[in-house]
Amino acid sequence: MAPELRTGEMKQGDVGTIKAATDILSGESKKGLLARLLPFMGPAFIASVAYMDPGNFATNIQAGAQFGYMLLWVIVGSNLMAMLIQTLSAKLGIASGLNLAEQCRTHFSRPVVWIMWGLMEIVAMATDLAEFLGAALGFNLLFGIPLWLAGIITAIATFLILGLERYGFRPIEAVITVLIGVVAVSYLIETILDRPDWGNVLFHAVVPQFQGPESVLLAAGILGATVMPHAIFLHSSLTQDRIVVKEPSLLRRLFHFEVTDVLIAMGLAGLINMAMLIMAASTFFHQGMTNVGSIEAAHLTLTPLLGSAASAVFAISLLAAGLSSASVGTMAGQVIMQGFLHYHIPVLARRVVTMIPSLVVIALGLDPTRTLVISQVVLSFGLPFAIIPLVFFTSRRDVMGVLVNRPMTTLIASVVAGLVVVLNLYLLYQTFYGG
């Protein structure tokens, strides 16, 4: 039986992609491997933006400058956890036709739903703050324009990117993927300029090590900046109506393609995060500059160490990461509001509201890097309210059908959820009471 093709709400530009996907799922397409993968690529790339946003720049640079390559294994481990979590999120949307916020609204009591919505809105605002500030800082570092003007330019740029949604999901997926490509190429160039010690890189990527309480705190910070609540909610929304199939065999086949999407996108995000830390370790730690803890200091210090090209490439990567993640953060906020409340406001109106705190921070002259770090702490509050319901729903056969988690998958996901929650609680404790 051929998959159902839902075109009623599809934009014209998306119909061709959906038709190609349904032909592949039904076995009617004889295309090569890459051509068969392309119609299914996209959702994980959008979600993966959250794993390489400006918050990651701050934590990875600080970790590399203070401890060299030692915490690379934390990035590898965090990324493997993120792959599992995002796979479950994608599977929830495919199997149930509802995103995570909608599942919460369906199964939980009204008071719980309202509390979760309130917490997730705070998380969404913290996300927007970090990503908007990062993009503004990128414009500031790259072109030397005042931060307040960079904030206005960032607002205009994100409006333009979000405006692509009127043409369907493919154009905005393409723009986000290009911006991710810019970040990836930038850090490829940085890595070549750094000339890292690859033996040490490989060793620390797989051998867990700590060196005092500060390294544990930074490890928790890396994890907190990697696994993001809004990305979990968003990914389930991106897959719920993209390609609609009902037959069990076709559902499994579609899920396998989405797993490939996750592995490629999250693998790239993991490599970019590793490159950030490698850059800081190779450049700052090996020069004895272990106090480089801010994005501005890293940009300023790269010029005398590696040349002006290195600092320019760094600023470009920050700008691309900030613009893409600011756009994706607004999309996630919209999904959260619609899912929990069944209330829709125009996405551009939401962008106007959520950028106000960022403009206030800029107007008050607050330290951008410190604000980024604080925003990551706020995100930690929301993480349990995304991961725990996700594991709960994907382990239920009445919700997932044939794509219900296997017992081992649920066990591993539960352990991951517990570890993420404990480490984030540790991060919060150290932030407020650690002195």
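The values are calculated or read from the model by the stated rules, or taken from the named source; none is laboratory data. All values derive from a computational prediction rather than experimental measurement. Using ideal geometry, Cβ is built from the backbone for each residue, glycine included, and neighbour counts are taken over all protein chains shown.
Annotations
- The condition of being on the phi > 0 side of the Ramachandran plot, surrounded by fewer than 23 Cβ atoms within 10 Å (Cβ to Cβ) and not hydrophobic (A, V, I, L, M, F, W, C) holds for only one of G181, G144, that being G144.
- Answer residue from region 123-140, given it is touching a His at 6+ places or on another chain (Cβ under 7 Å) and not small (G, A, S) and is surrounded by the most Cβ atoms within 10 Å (Cβ to Cβ) among those: T127
- In summary, S237 fulfils each of the numbered conditions (1) surrounded by 23 or more Cβ atoms within 10 Å (Cβ to Cβ); (2) without any contact (Cβ under 8 Å) to a residue 60 or more places away in the chain with the single exception of condition (2).
- Qualifying residue in region 198-214 (condition: in contact with a helix residue (DSSP H, G or I) (Cβ under 6 Å, 6 or more places away or on another chain), among the aliphatic types (A, V, I, L, M) and not in a helix (DSSP H, G or I)): no
- Verdict on L92 being closer than 26 Å to L271 by Cβ and touching a helix residue (DSSP H, G or I) at 6+ places or on another chain (Cβ under 9 Å): no
- For region 124-134, the condition holds for no residue, the condition being that it is at pLDDT 80 or above, under 21 Å from A58 (Cα atoms) and among the aliphatic types (A, V, I, L, M).
- Residue in region 85-107 that is free of Cβ contacts under 8 Å to residues at least 60 places away in the same chain and surrounded by fewer than 22 Cβ atoms within 10 Å (Cβ to Cβ) present: yes
- Region 173-213: number of residues that are closer than 14 Å to I272 by Cβ, hydrophobic (A, V, I, L, M, F, W, C) and without any contact (Cβ under 8 Å) to a residue 24 or more places away in the chain: 1
- The lone exception for V227 - which of (1) under 24 Å from I94 (Cβ atoms); (2) modelled with pLDDT under 80; (3) surrounded by fewer than 24 Cβ atoms within 10 Å (Cβ to Cβ) it fails: (3)
- Which listed residue is closer than 16 Å to P229 by Cβ, modelled with pLDDT under 75 and crowded, with 20+ Cβ neighbours inside 10 Å, from L390, L383, L427: L427
Yes/no per residue for (1) at pLDDT below 90; (2) under 24 Å from the mean Cα position of the chain (by Cα):
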position	(1), (2)
F210	yes, no
E214	yes, no
I222	yes, yes
R242	yes, yes
K246	yes, no
L263	no, yes
I272	yes, yes
T283	yes, no
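- Inter-residue pairs, beta-carbon under 6 Å, first among the hydroxyl-bearing types (S, T, Y) and in region 111-136, second assigned to a helix (DSSP H, G or I), 6+ apart: T127/H230; T127/G329
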